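Structure record follows, encoded as structure tokens.
Where a number appears in this text, it was derived from the coordinates with a stated rule and is not lab data. The shown structure was predicted, so the numbers you read here are calculated from the model rather than taken from an experiment. Cβ atoms come from the backbone with ideal geometry, glycine included; neighbour counts cover every protein chain shown.
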Amino acid sequence: MTTFLYKSDPARGQLWADVFRRRAPEIDFRIWPDVGDPAQVRFLAAWVPPDDIATRFPNLEVLFSSGAGVDQFDFSMLPATLPVVRMVEPGIVNGMVEYMTHAVLDLHRDMAQYRRQQAQGLWKPLPVRTAGERRVGVLGLGSLGKAVLAQLVGLGFDCAGWSRSRHEVDGVQCHAGTEELPAFLARTDILVCLLPLTDSTRGFLDAKLFAQLPEGAALVHVGRGPQLVEADLLDALESGRIAEAVMDVTDPEPLTSGHAFWTHPRIQLTPHIASMTQPLSAAEAMLDNLARFDAGEPMVGLIDRKLGY
Ligand code: GLV
């Protein structure tokens, strides 16, 4: 019998188990630490896999991340040929679209400024701009970036995207590679970071990048904490290069107590909740992926170990 081992939040695991029982009773679905016979484990879905994965599960065929990212994996501990798959499922995508719609509209309609004005008892209308006059730029054109852009295009924003390799997205000016980054940044009023964390995106959001944005731009950071050079953001907020920042990720998490971000008047902070794997839709997507794997078809979310995403 095939064992599918789940090693993440156990309460959510129970919901996965229900879906597996209903749709795939032939699979022995187990929740860590109840691994059963380790030799039967063909599939592992984990946020953090056990260190001794290679020796403990000699017949493991695929490692799935229980979240959208795989940067929490220590690839040096994983067998070199083991396929690694990140989570792509409608619940994560929809959550990110909701968060981003909220953040971008909040920035677009100057809500942070109105909250500050209210606190001062100040009744002061600001010019109302149309969405078409607001240029949004999304860094990262994976499944999340594309879904966010489709929503923002639908709301009428002037949208562009940037990614390492060339992509096409309806209604979006797509930029690719380092050479096209300056043009992308120069036209971006609201910058959204949805990049995966890799060696080339660590420290990506730095002073050099901020300097290429228009004066008074806004940042929405939902990638990973280590992509941001914190001191450079504080300087950019101080100089007015960046007017507002919305951040869902920090380094470390939780953000340390007393950190400047907690109380900064131009930073809105959320505790890494922009989007989360939804157990029911994730288990359904997982079973679809297992069927693809067993049929020898490419799995959705299969990562390129050389690129790290
Ligand atoms: C959250 O950040 C995830 O990777 O799912």
| said: Given Cβ point charges of +1 (Lys, Arg) and -1 (Asp, Glu) and nothing else, what value in debye, to the nearest 20, does the dipole of the range 91-269 about its Cα centre take? | reply: 340
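Could you calculate the FRET efficiency of Ala176 with Thr101 from 1/(1 + (r/R0)^6), where r is the beta carbon distance between them and R0 is 25 Å, rounded to 0.05? Walk me through the intermediate numbers first.
Numbers: r = 25 Å, r/R0 = 1.02.
That gives a FRET efficiency of 0.50.
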| field | Long-range amide H partners of Ile242 with built H, under 5 Å | value | Gly216, Leu237
| Residue among Gly67, Ala291, His108 farthest towards the positive dipole end of the chain, charges placed on Cβ | His108
| Residues in the range 117-139 near a label at His264, defined as backbone nitrogen under 20 Å from the 7 Å Cα→Cβ point? | 117, 137-139
| For a label point 7 angstrom out from the Cα of Ala11 toward its Cβ, which stretches of the range 265-295 have the backbone nitrogen within less than 20 Å? | 271-283
| message | Give me, ordered by chain and number, the residues 5 or more places off Phe4 or on other chains with an amide H under 5 Å from its own placed amide H. | response | Asp28, Phe29, Arg30
| remark: Once Asp199 and Asp34 are pulled to full extension, the length gained, defined as 0.36 nm per residue separation minus their Cα-Cα distance, is 55.9 nm
| note | Stretched fully, the stretch from Arg22 through Val48 gains (0.36 nm per residue minus C-alpha distance, one decimal, in nm) 6.7 nm
| Point-to-point label distance, Gln72-Asp294, nm (Cα→Cβ direction, 7 Å offset) | 2.8
| task | Quick one: angle between helix 230-239 and the longest Cα principal axis of the chain, in degrees between 0 and 90, rounded to 10, please. | result | 20
| Label point distance in nm, Glu253-Ala207, each placed 7 Å from Cα along Cα→Cβ | 2.8
| message | Give me the one-decimal Kirkwood hydrodynamic radius in Å for the chain, with the sum taken over alpha-carbon pairs. | response | 20.9
| remark: Rounded to whole angstrom, the alpha-carbon centroid of the range 171-244 lies from that of the range 11-59 at a distance of 39
| said: So for the range 91-269, averaging the separation of alpha carbon pairs under 8 Å that are six or more residues apart and normalising by length, what relative contact order in percent results? | reply: 17
| request: Kindly state, to the nearest 0.05, the FRET efficiency for Leu155 paired with Arg115, given R0 = 22 Å and r defined as their beta-carbon distance. | output: 0.55
